[in-house]
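The values are calculated or read from the model by the stated rules, or taken from the named source; none is laboratory data. This one's a predicted model, so the numbers in the text were calculated from it and none came from an experiment. Every residue, glycine as well, gets a Cβ built from its backbone with ideal geometry; the counts of neighbours run over all protein chains shown.
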Amino acid sequence: MKAEDIREVAVIGAGIMGEGIALSFAAAGLSVRLADQDRHILNNSLTRMGAHLKLLAEFGLLEDTPARVRSRIKTFLSSDPDRAVRGCTFIVECIPEILALKRELFSRLDDCDGGTILSSNTSSFTVSEISRGMRTPGRVVGTHFFMPAHIVPLVEVHRGKDTGNAVVETTRKLMLRIGKKPVLVGKEIPGFIVNRIQAAIAREANYLMEQGVVTPDDFDMAARSSYGFRLASLGPLAQADINGLDTVLRGNTHIYKSLCNATEPSPVIADKVKKGELGLKSGRGYYDYRGKSQEQITEEIERNLLKQLILFREREK
């Protein structure tokens, strides 16, 4: 099967990631079946997608009207998975990051049409872990999108030990077709590329807060106005070349010895979770979000990201 032959896709899981992925396919002209076990979650997802589409149109990032894009998305209850995925040639799993749940779902998808590619939006598990015990692991591939999935360009495409080369290549080309920037992960490793880097940054950030070196406000300002300011135009390795690798080596030799090397999550974040301070979803995390609705905060973030997306696309032409 070729990427250009894929006309209808299924997205299983209508949470924040699922809705963004469904929207990415629909905006590119594909028909989408969005499935979830909870009708309330599906309805909320459609409401949020309406807001996303309004913003995408405002920034000139839709080739069709919001109504036409929205019309390509049909919702289904995943209690009837056969009906939800029937006729689809590409399926994306977006259920919670719990290995047992993912294995159970893929064991059910094992029975769908043999030509269908089965992908997982897992953010940490390897494809081999998810597809273990399946009869058809060769058609399982990882497609790791990034929140918000309808805006952030990157998709990490990763394979299991049994994944077929044609499956990987078709998936890569499909991601290009929907306007994404696919990066192939060359080896199975938990967290892939970006989440490992993000985890390392978060570990050091929490350590610096534990040591009284910096506050959340100052850390985020430091990140946004320094390396974060450069990253969209200049990756860390290109920056190292500009700095001079001899200079980088001398600095790393001195700094690495003092970096946090903890192998367990920081007590800073563990304490917040224990107190129910989960971030935006609960109203408090590192910051206090009370006084503004989630919708207002999300819109502010997306407006900034959409400006970046326009610049990114111009630069990548």
For this session: Test VAL167 against the criterion of being assigned by TED's automatic domain parsing to the domain that holds LEU46, over 15 Å from the mean Cα position of the chain (by Cα), modelled with pLDDT of 95 or more and surrounded by 16 or more Cβ atoms within 10 Å (Cβ to Cβ), and give yes or no.
Result: yes
Exercise. In this structure, does VAL155 turn out to be in contact (Cβ under 8 Å) with a residue 12 or more places away in the chain, within 20 Å of the chain's Cα centre (by Cα) and closer than 30 Å to ARG303 by Cβ?
Worked result: yes
For this session: Provide a single number: the residues in the range 87-107 that are over 21 Å from the mean Cα position of the chain (by Cα) and without any contact (Cβ under 8 Å) to a residue 12 or more places away in the chain.
Result: 1
Problem set entry | Lone qualifier among VAL268, VAL273 - being aliphatic (A, V, I, L, M) and in contact (Cβ under 8 Å) with a residue 12 or more places away in the chain | VAL268
For this session: Identify the residue in the range 40-81 that is charged (D, E, K, R) and under 21 Å from VAL9 (Cβ atoms) and, among all such residues, is modelled with the lowest pLDDT.
Result: ASP80
Exercise. Taking the range 1-19 on its own, how many of its residues are in a helix (DSSP H, G or I) and crowded, with 24+ Cβ neighbours inside 10 Å?
Worked result: 2
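Go through the residues of the range 186-208 one by one and say whether even a single one is assigned to a loop (DSSP other than H, G, I, E, B), more than 30 Å from PRO66 (Cβ to Cβ), touching a residue at least 12 places away in the same chain (Cβ under 8 Å) and polar (S, T, N, Q).
Within the range 186-208, the first condition is being assigned to a loop (DSSP other than H, G, I, E, B), and the residues that meet it are 186-193.
Now restrict to residues that are more than 30 Å from PRO66 (Cβ to Cβ): 186-193.
Checking the rest, the ones that are also touching a residue at least 12 places away in the same chain (Cβ under 8 Å) come to 188-193.
Adding the requirement that they be polar (S, T, N, Q) leaves none.
Checked the range 186-208: no residue is assigned to a loop (DSSP other than H, G, I, E, B), more than 30 Å from PRO66 (Cβ to Cβ), touching a residue at least 12 places away in the same chain (Cβ under 8 Å) and polar (S, T, N, Q).
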Exercise. What's the number of the condition VAL141 fails, among (1) closer than 30 Å to LYS54 by Cα; (2) of a type outside the set (Phe, Trp, Tyr); (3) surrounded by 15 or more Cβ atoms within 10 Å (Cβ to Cβ)?
Worked result: (1)
Problem set entry | Selected residue (only one of GLY87, GLY29 is surrounded by fewer than 15 Cβ atoms within 10 Å (Cβ to Cβ), more than 23 Å from LEU105 (Cα to Cα) and either modelled with pLDDT of 95 or more or touching a Lys or Arg at 6+ places or on another chain (Cβ under 9 Å) (or both)) | GLY29
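Do the conditions hold for ARG172, that is, is it modelled with pLDDT of 95 or more, charged (D, E, K, R), assigned to a loop (DSSP other than H, G, I, E, B) and not assigned by TED's automatic domain parsing to the domain that holds ARG284? If you could, list the steps in order and put the result at the bottom.
Numbers: modelled with pLDDT of 95 or more: yes; charged (D, E, K, R): yes; assigned to a loop (DSSP other than H, G, I, E, B): no; not assigned by TED's automatic domain parsing to the domain that holds ARG284: yes.
No.
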For this session: Could you list all residues from the range 262-273 that are within 15 Å of GLU204 (Cα to Cα), surrounded by 10 or more Cβ atoms within 10 Å (Cβ to Cβ) and not small (Gly, Ala, Ser)?
Result: PRO265, PRO267, VAL268, ILE269
Exercise. Taking the stated definitions as given, is LYS307 among the charged types (D, E, K, R), in a helix (DSSP H, G or I) and in contact with a strand residue (DSSP E or B) (Cβ under 9 Å, 6 or more places away or on another chain)?
Worked result: no
Exercise. Any residue at all in the range 273-288 that is in a helix (DSSP H, G or I), farther than 30 Å from LEU56 by Cβ, outside the structural domain of MET147 (by TED's automatic domain parsing) and not aromatic (Phe, Trp, Tyr)?
Worked result: yes
For this session: Give the number of residues within the range 209-240 that are among the polar types (S, T, N, Q), without any contact (Cβ under 8 Å) to a residue 40 or more places away in the chain, closer than 28 Å to ILE310 by Cβ and not in a helix (DSSP H, G or I).
Result: 2
